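Below is one structure; the comments refer to it alone.
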Amino acid sequence: MNRYAIGDNISRHLARKRWTQRRLAEEIGLTEVTISRYMNGARQPTAYALLRMSRVLGCTMDDLVQGLDDNTEEEA
């Protein structure tokens, strides 16, 4: 899991929803400082935090971890 890629992917989804780090923190019950640490790579989110973020941001956990495009088609 690349901590820096996760931060970039969180940032991309926040921009898409026009949310702040504070809004994301409030939505998932974490502090704004924790979200900031995820975004700058100082801290790696737990699987549970990734799950909560993916649900409120409307994406998959894979999208947050690997940066998959929302429109990526799965292989059959």
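The values are calculated or read from the model by the stated rules, or taken from the named source; none is laboratory data. All values derive from a computational prediction rather than experimental measurement. So basically every Cβ, Gly included, is an ideal-geometry build from the backbone, and we count neighbours across all protein chains shown. Accessible surface is based on the protein model in full, side chains and every heavy atom, while ligands, DNA and RNA are left aside. Shrake-Rupley method; radii C 1.70, N 1.55, O 1.52, S 1.80 Å.
In region 5-38, of all residues being small (Gly, Ala, Ser) and in contact (Cβ under 8 Å) with a residue 24 or more places away in the chain, the one that is most open to solvent (accessible area, probe 1.4 Å) corresponds to SER11. Return the residues of region 39-59 that are exposed (fewer than 14 other Cβ atoms within 10 Å of the Cβ), under 12 Å from the mean Cα position of the chain (by Cα) and of a type in the set (Gly, Ala, Ser); say none if nothing qualifies. Within region 39-59, ALA47, GLY58 qualify. Does region 39-65 hold any residues that are more than 19 Å from ARG3 (Cα to Cα), in a helix (DSSP H, G or I) and touching a residue at least 40 places away in the same chain (Cβ under 8 Å), and which are they? None - no residue of region 39-65 is more than 19 Å from ARG3 (Cα to Cα), in a helix (DSSP H, G or I) and touching a residue at least 40 places away in the same chain (Cβ under 8 Å), so the list stays empty. Please verify whether LEU68 is part of a loop (DSSP other than H, G, I, E, B), at pLDDT 95 or above and open to solvent by 20 Å² or more (accessible area, probe 1.4 Å), treating the condition exactly as stated. So LEU68 does not fit the description; no.
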